[in-house]
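Have a look at the structure below before the remarks.
What follows is calculated from the coordinates using simple rules that are stated; it is not laboratory data. Keep in mind it's a predicted model, so treat the numbers as computed, not measured. Cβ coordinates were reconstructed from backbone atoms using ideal geometry, including for glycine residues, and neighbour counts include every protein chain displayed.
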C-alpha cells in the first residue's frame with residue numbers, strides 16, 4: 001500500500017458495521033493500528049442494551065436513549081421527543097466527523113452514512129453465519145451460548161431500528177458498503193488484511 005497521507009482531512013477513515021458476533025471489536029482496533037489512526041468503538045455495549053431493554057416500559061429505542069442520557073425525555077409522555085432525537089443525531093454527527101478529521105476506524109455510530117461523502121473513507125460490513133457469530137460472541141464475552149443468542153436477536157434488531165429512526169438508513173441492506181466480509185468464512189486475520197487491501201485500492205487516486 002502507498003504511503004499514507006498526513007494532512008488533516010486526508011488521513012485514513014474506515015467505518016465498520018457488524019452483525020452481532022462478527023468480530024468488529026477485534027478487527028477494528030487492528031485495522032486502526034495498521035493505519036496509524038484512532039479507534040472508536042460502539043457507543044452502546046451489549047450490557048447497556050440488555051439493561052435498557054429490561055427496563056423498557058415502551059419502545060426499546062426510546063428507552064435506550066433515555067437510559068443512556070443521550071436524548072431529552074418528555075416528562076409528561078415519558079418518551080424521547082423529536083427535538084431531542086434530532087439533537088442526539090446532530091451530536092453523533094459532530095463527534096464522528098471530528099474524529100474523522102484526523103483519521104479514524106469507527107464501529108457503528110452510523111458512521112457509514114455520516115461519513116459517506118469523504119473520499120478518504122471506505123465503508124465495511126462484517127457478517128457471517130449465525131451459528132459461527134454466536135459461538136464467537138459467547139467465547140469473547142465469556143457467556144453461555146444461550147445468552148449470546150438472546151443478545152444477537154436484541155442487538156441486530158435494535159441497532160437497525162436506531163439507525164432507521166435516527167439516521168433513516170437500514171444497515172441490514174448492503175447498498176451503502178464498499179466491502180462486505182463474511183468473517184465466518186475468512187476469519188478475523190484475513191478480514192483485517194482484506195480491509196487494509198481494500199483501503200489502498202478504493203482510496204487510490
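What to note about this one:
- For the stretch 101-193: rounded, prolate or oblate by the Cα gyration tensor [a/c cutoff 1.5]: oblate
- Ascending count of other beta-carbon atoms within 10 Å, so fewest first, for 195, 122, 143, 166: 143, 166, 122, 195
- Put in order of Cβ neighbour count within 10 Å, fewest first, the listed residues 13, 104 become 104, 13.
- Prolate/oblate/rounded label for the stretch 109-153 (Cα gyration tensor, a/c 1.5): prolate
- When each of 95, 125 is scored by the number of other beta-carbon atoms lying within 10 Å, the sequence from fewest to most is 95, 125.
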